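The values are calculated or read from the model by the stated rules, or taken from the named source; none is laboratory data. Everything quoted here is computed from the prediction, not taken from an experiment. Here the Cβ positions follow ideal geometry from the backbone for every residue, glycine too, while neighbour counts run over all protein chains shown.
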Amino acid sequence: MLKGVITPVITVFDEEGRVDFKGNEEVINSLVNGGVNGLLFLGSIGEFFALTMEEKKEFIKFVLKTVNKRVPVLIGTGGNVVDEVIELTNFADNEGADAAVVISPYYFKLNDESLYNYYSKVAKNTKLPLVLYNFPDRTAVNIDPNLVLKLAKEFKNIVGIKDTVDNISHTRQLINIVKSEIKDFEVFSGFDEYFVPNLLSGGNGLIGGLSNIVPERFAKLYKAYNDRDFETLELLQRDVNILMGIYTVSDFFIPAIKTAKMLSGCDIKPICKSPATMLSNNQLEEIREILKKVHVL
């Protein structure tokens, strides 16, 4: 069972917008050595939406070889073309991934019947464990907990959900409704500040972007929770609360996460796929000040 801190890993690019394999290797090793419990590649922070199918497949081969089974590897395979989702999920399965994370289709606001048809077709045509990805700010759809329960009961390879909703109540409803009938179903929060509330509500942990920057602190936070070390937990939660400010430095937050990773000592360039741009000097200084407040710098 997946649990704890799962990092949705940034994808490092060079100045030409090509995958920087050396830079990605450094990021991967920093996260594994930092003590996270798993890695998600080609998630939202991994810029899956800006990569071709060929780039994704090459990258999947690379990350699985680089991680080399040190921690579980999840691959984001979602998209709007269901046949491509199935193709990429099966590719990840054949390459040795541990699970696929599948965002719901975006652009149109789909009803429950359409969402059921989408996820059931993926589940019927793949064997890899599937983690649903609920991100209504990007898809315009908030997946109903009762639909999640229906899918999980019908398809044994639907094993969990990443709930990226800025409201712990929705995540709590998922936990109460789905896990009451399927105890092993995995419910992760997608907002870093809800890591501890998720655990307290009976969830499985976090798939959150800030662990790219300070993986060891999130690992310590999870350990403090399990050890009932509430003094340490309170101190680390304060750091998380401060670091949440990184998300608001730029409207498109991925360059901010990459910049913070670079400033924390990782030899990468904070380049994103077009049309995203680099941060301004003022934005860079904002991130630097946030990192100083939590003694990263």
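Computed values, structure above
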{"quantity": "Looking only at segment 191-239, and only at residues there that are assigned to a helix (DSSP H, G or I) and among the polar types (S, T, N, Q), the one that is surrounded by the most Cβ atoms within 10 Å (Cβ to Cβ)", "calculated": "211"}
{"quantity": "Enumeration of residues in segment 84-120 that are within 18 Å of residue 5 (Cα to Cα) and assigned to a loop (DSSP other than H, G, I, E, B)", "calculated": "97, 98"}
{"quantity": "Residue list for segment 150-189, filter: farther than 19 Å from residue 122 by Cα and assigned to a loop (DSSP other than H, G, I, E, B)", "calculated": "164, 165, 166, 167, 179, 180, 181, 182, 183, 184"}
{"quantity": "Some residue of segment 67-83 being at pLDDT 95 or above, farther than 26 Å from residue 3 by Cβ, of a type outside the set (A, V, I, L, M) and outside any loop (DSSP other than H, G, I, E, B)", "calculated": "yes"}
{"quantity": "Where residue 26 falls short, out of the listed (1) more than 24 Å from residue 103 (Cα to Cα); (2) assigned to a helix (DSSP H, G or I); (3) without any contact (Cβ under 8 Å) to a residue 12 or more places away in the chain", "calculated": "(3)"}
{"quantity": "Only one of 171, 232, 259 that is β-branched (Val, Ile, Thr) and under 14 Å from residue 290 (Cβ atoms)", "calculated": "259"}
{"quantity": "Test result for residue 10, in contact with a Lys or Arg (Cβ under 8 Å, 6 or more places away or on another chain) and closer than 30 Å to residue 201 by Cα", "calculated": "yes"}
{"quantity": "Lone qualifier among 103, 75, 158, 182 - being surrounded by fewer than 20 Cβ atoms within 10 Å (Cβ to Cβ) and not basic (Lys, Arg)", "calculated": "182"}
